[in-house]
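Participant: Quick one: this structure, given as structure tokens, is what I'll be asking you about.
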Amino acid sequence: LARAHGLPGAEGSEQFLKARSSINALHAQSDGRLQAWISAKHYADLMLQPVTKGPVMVHHIPRFLRHRRASGEVKIALLVFDGLAFDQWVQIRERLIASTKRFAFDEGTSFAWLPTLTSVSRQALFSGLKPREFDDSIDRTDKEEALWKTFWQNEGVNPNDVMYRRALRQVDQLDALESDLIDRRPKVLGLVIDEVDDRLHKERSKKDVAMWIGNWLATGFVDRLFSMLLDKGYHIYLTADHGNVESTGVGRP
């Protein structure tokens, strides 16, 4: 998908139409296989998998980070790009590689919670809990900071060493974030970058979103955020709470 978005030529060209046809066929095939896999109840087996080698589901992420801290990564920053799909991550990764030589990436995959709503999957991500364990806030996100701090407090981390920030989007927000990092010197940092999710609701296609992400990356927000965190000694972990796919509408249900 990331490569298809960057194909040269007009959308109506023969090259583009052939690529689009192949992508649609792959989508249909993978969707069918995923649906069959979930219907066979394999999804239900994921939540009990060990997390030492990597989080299998998003609620495993805090426990995985706990293992990383125990292995010597004292300062950890978790960056949650709300709604970011893999093809969009490719854009971000390649921008970072092109703009600086400081980054090496270790990539893996994990499952969002079903339904993959932000209020369900992102709360699970920050709390380390299954959704039934935060049923009082299942339909909103205003408890995330408290859930994030509670997890780390239960792990013996002083609440003053844990920080959470949300709604990060633009370069002009980074000065305030840096001041907070200098003043508070948190050991564990959770950041929500929600510009991609916001843009998904405004654009008509994945190709349009890809063009916008390219313009957003050109502002330097991601470059500066990563450089700032590395300069301050953080090990950076980036994830999404859920992804996104392109669909054809069928009208109002």
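The values are calculated or read from the model by the stated rules, or taken from the named source; none is laboratory data. In this text the structure is predicted, and so the values were computed from the model without any measurement. Because the Cβ atoms are built from the backbone with ideal geometry, glycine has one as well, and the counts that use them run over all protein chains shown. Surface accessibility is based on the protein's heavy atoms, side chains included, excluding ligands, DNA and RNA. Shrake-Rupley method; radii C 1.70, N 1.55, O 1.52, S 1.80 Å.
Participant: Looking at the stretch 45-66, which of the residues that are at pLDDT below 95 and either touching a helix residue (DSSP H, G or I) at 6+ places or on another chain (Cβ under 6 Å) or of a type outside the set (A, V, I, L, M) (or both) is surrounded by the most Cβ atoms within 10 Å (Cβ to Cβ)?
Facilitator: Per the criteria, the residue is Val51.
Participant: Moving on to the next point. Is there any pair linking a residue in the stretch 14-42 that is under 18 Å from Leu1 (Cα atoms) and free of Cβ contacts under 8 Å to residues at least 60 places away in the same chain to one that is open to solvent by 80 Å² or more (accessible area, probe 1.4 Å) and in a helix (DSSP H, G or I), with Cβ under 9 Å and at least six apart or on different chains, and which?
Facilitator: Qualifying pairs under 9 Å: Ala19/Arg3.
Participant: For the stretch 3-19, give me the residue count where each residue is more than 20 Å from Trp212 (Cα to Cα) and modelled with pLDDT of 75 or more. Steps first, please.
Facilitator: Step one: list which residues in the stretch 3-19 are more than 20 Å from Trp212 (Cα to Cα), which gives 12-15, 17-19.
Subsequent filtering for residues that are modelled with pLDDT of 75 or more retains 13-15, 17-19.
The number of residues fulfilling the criteria is 6.
Participant: Further question: Just give me the residues in the stretch 181-199 being part of a helix (DSSP H, G or I) and under 20 Å from Glu155 (Cα atoms), in sequence order.
Facilitator: Of the stretch 181-199, the ones part of a helix (DSSP H, G or I) are 181-184, 195-199.
Hit for the stretch 181-199 is Arg184, nothing else.
Participant: Does Arg69 satisfy being farther than 18 Å from Arg224 by Cα, more than 19 Å from the chain's Cα centre (by Cα), surrounded by 13 or more Cβ atoms within 10 Å (Cβ to Cβ) and of a type in the set (Lys, Arg)?
Facilitator: Values: farther than 18 Å from Arg224 by Cα: yes; more than 19 Å from the chain's Cα centre (by Cα): yes; surrounded by 13 or more Cβ atoms within 10 Å (Cβ to Cβ): yes; of a type in the set (Lys, Arg): yes.
Spelling it out, Arg69 is indeed farther than 18 Å from Arg224 by Cα, more than 19 Å from the chain's Cα centre (by Cα), surrounded by 13 or more Cβ atoms within 10 Å (Cβ to Cβ) and of a type in the set (Lys, Arg).
Participant: Of all the residues that make up the stretch 81-95, how many are surrounded by fewer than 18 Cβ atoms within 10 Å (Cβ to Cβ) and either of a type outside the set (Val, Ile, Thr) or in contact with a strand residue (DSSP E or B) (Cβ under 8 Å, 6 or more places away or on another chain) (or both)?
Facilitator: Just the residues of the stretch 81-95 that are surrounded by fewer than 18 Cβ atoms within 10 Å (Cβ to Cβ), to begin with: 86, 90, 93-94.
Next, only the ones that are either of a type outside the set (Val, Ile, Thr) or in contact with a strand residue (DSSP E or B) (Cβ under 8 Å, 6 or more places away or on another chain) (or both) stay: 86, 93-94.
Total meeting the criteria: 3.
Participant: List, please: which pairs have Cβ atoms under 7 Å, are six or more places apart or on different chains, and start with a residue in the stretch 148-162 that is acidic (Asp, Glu) and end with one that is assigned to a loop (DSSP other than H, G, I, E, B)?
Facilitator: Sorted first by the residue in the stretch 148-162, then by its partner, the pairs are Asp161/Pro186; Asp161/Lys187.
Participant: Looking only at the stretch 148-170, how many residues end up being within 23 Å of the chain's Cα centre (by Cα), closer than 16 Å to Leu129 by Cβ and surrounded by fewer than 16 Cβ atoms within 10 Å (Cβ to Cβ)?
Facilitator: Within the stretch 148-170, residues that are within 23 Å of the chain's Cα centre (by Cα), closer than 16 Å to Leu129 by Cβ and surrounded by fewer than 16 Cβ atoms within 10 Å (Cβ to Cβ) number 0.
Participant: So which residues in the stretch 210-253 are of a type in the set (S, T, N, Q) and buried (at least 16 other Cβ atoms within 10 Å of the Cβ)? First the steps, then the outcome.
Facilitator: Start the filter on the stretch 210-253 by keeping residues that are of a type in the set (S, T, N, Q), which leaves 215, 219, 227, 239, 244, 247-248.
Selection gives Ser227, Thr239, Asn244.
Participant: List the pairs whose first member sits in the stretch 180-209 and is open to solvent by 10 Å² or more (accessible area, probe 1.4 Å), whose second member is assigned to a loop (DSSP other than H, G, I, E, B) and modelled with pLDDT under 90, and whose Cβ atoms are under 7 Å apart, counting only residues at least 6 apart or on separate chains?
Facilitator: Every condition considered, the pairs that remain are Ser205/Glu246; Lys206/Leu1; Lys206/Glu246.
Participant: Looking at the stretch 173-223, which of its residues are on the phi < 0 side of the Ramachandran plot, modelled with pLDDT of 95 or more and among the basic types (Lys, Arg)?
Facilitator: Within the stretch 173-223, Arg184, Lys187 meet the criteria.
Participant: Is the stretch 18-28 home to any residue that is in contact with a Lys or Arg (Cβ under 9 Å, 6 or more places away or on another chain) and either in a loop (DSSP other than H, G, I, E, B) or open to solvent by 40 Å² or more (accessible area, probe 1.4 Å) (or both)?
Facilitator: No, the stretch 18-28 contains no residue that is in contact with a Lys or Arg (Cβ under 9 Å, 6 or more places away or on another chain) and either in a loop (DSSP other than H, G, I, E, B) or open to solvent by 40 Å² or more (accessible area, probe 1.4 Å) (or both).
Participant: Taking Leu34 and the conditions (1) exposed (fewer than 14 other Cβ atoms within 10 Å of the Cβ); (2) outside any helix (DSSP H, G or I); (3) at pLDDT below 95; (4) not β-branched (Val, Ile, Thr), which numbered condition does it fall short on, given that it satisfies the others?
Facilitator: Of everything listed in (1) exposed (fewer than 14 other Cβ atoms within 10 Å of the Cβ); (2) outside any helix (DSSP H, G or I); (3) at pLDDT below 95; (4) not β-branched (Val, Ile, Thr), Leu34 misses just condition (2).
Participant: Being among the basic types (Lys, Arg) and surrounded by 20 or more Cβ atoms within 10 Å (Cβ to Cβ) is the filter here; which residues of the stretch 107-147 pass it? Give the steps one after another, and end with the answer.
Facilitator: Residues of the stretch 107-147 that are among the basic types (Lys, Arg), as a first pass: 122, 130, 132, 140, 143.
Across the stretch 107-147, the qualifying residue is only Arg122.
Participant: State which residue pairs qualify: first residue over 15 Å from Phe81 (Cβ atoms) and part of a helix (DSSP H, G or I) and inside the stretch 215-241, second residue modelled with pLDDT of 95 or more and open to solvent by less than 20 Å² (accessible area, probe 1.4 Å) in any location, beta carbons under 7 Å apart, and separation of 6 or more residues or different chains.
Facilitator: Cβ pairs passing all conditions: Arg224/Leu174; Met228/Leu174.
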